[in-house]
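Worksheet for the structure shown next.
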Amino acid sequence: VHLIIADAEIELIPDELLKFPAVRATARRRGKKPSECLLDSSLHYSALRHLKDGGRRGRADITHFCLLLALDSIANRKGMLHTFVHTRNDLVMEFSPDVRLPKNYNRFAGLMEDVLVNGGVWSEGRQLISLKKESLKSLLERLGGRAYLLEEDGKQFSSFASLRDATVIIGGFPHGSFISDVGNMCRRISISGEKLMAWSAVSIVLARAFPAKLYF
Ligand SMILES: C[S@@+](CC[C@H](N)C(=O)[O-])C[C@H]1O[C@@H](n2cnc3c(N)ncnc32)[C@H](O)[C@@H]1O
């Protein structure tokens, strides 16, 4: 499976908010420039009201949960998963299967700041997380093959085994719709009658797409 957490609400603090007191306070506490800190809805709630789509932005915690689940999955350990995060600003992060992410959110936020500021993370000369400017559409063209976009209102779907050699796109945002236009490049599917959080959608896909024999 190529797994893409798409339109993820993860970004550095945008220029319009750099002078807000809550933003400057976070930067001072962290010993960083405001422009090098992650936007965080729980810390920058009042400033976010002044931003377009402010009600859904600053949610790196959603991506954090999804990545912890994906990268620790049996499928990933067996080399059968390829994980990407595509952000609202059309930046694409690609994760090496053996990268170990911090379980603690504050440390994860620091790691994401390093990726967004320095263009990636390296260890002993090897790139563990890469970053490039790329739209969701262009990422899908690059990966090729069948793509499934998961959404609450999609077509009811239950043939999970067919996801195994395909691209699966899950929204990394708290509510609303995808902002990327992928035209008719994907089948739009629903995997439950319930509205799920993004990480629950990730866990259902990973648990159901792979056969039980993979586990032993
Ligand atoms: C919190 S939801 C966003 C809400 C959005 N209204 C939606 O269409 O699901 C985050 C992501 O979880 C996935 N998701 C949530 N419920 C789903 C469902 N019933 N079937 C398929 N995917 C779902 C979608 O990829 C969605 O973008």
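The values are calculated or read from the model by the stated rules, or taken from the named source; none is laboratory data. All values reported here derive from a predicted model rather than from experimental measurement. Methodologically, a virtual Cβ is constructed for each residue, glycine included, from the backbone with ideal geometry; neighbour enumeration extends over all protein chains shown. Only protein heavy atoms, including side chains, enter the accessible area calculation; ligands, DNA and RNA are left aside. Shrake-Rupley method; radii C 1.70, N 1.55, O 1.52, S 1.80 Å.
Okay, here's what the table says:
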read-out: Extreme residue, farthest from residue 59 (Cα to Cα), among residues of region 24-39 that are outside any helix (DSSP H, G or I) and open to solvent by 40 Å² or more (accessible area, probe 1.4 Å); value: 31
read-out: One residue from 107, 49, 146 being among the basic types (Lys, Arg), more than 16 Å from the ligand (Cβ to nearest atom) and over 30 Å from residue 18 (Cβ atoms); value: 146
read-out: Hey, residue 59 closer than 22 Å to residue 201 by Cα, touching a residue at least 60 places away in the same chain (Cβ under 8 Å) and of a type in the set (D, E, K, R) or not; value: yes
read-out: Positions within region 85-120 being in contact with an Asp or Glu (Cβ under 8 Å, 6 or more places away or on another chain) and hydroxyl-bearing (Ser, Thr, Tyr), in sequence order; value: 87, 105
read-out: Hits in region 87-110 - residues which are within 23 Å of residue 2 (Cα to Cα) and over 14 Å from the mean Cα position of the chain (by Cα); value: 96, 97, 98, 99, 100, 102, 103
read-out: Residue count for region 95-136, restricted to those that are within 16 Å of residue 83 (Cα to Cα) and part of a helix (DSSP H, G or I); value: 3
read-out: Residue count, region 155-208 (criterion: part of a loop (DSSP other than H, G, I, E, B), of a type outside the set (Ser, Thr, Tyr), touching a Gly at 6+ places or on another chain (Cβ under 9 Å) and within 11 Å of the ligand (Cβ to nearest atom)); value: 5
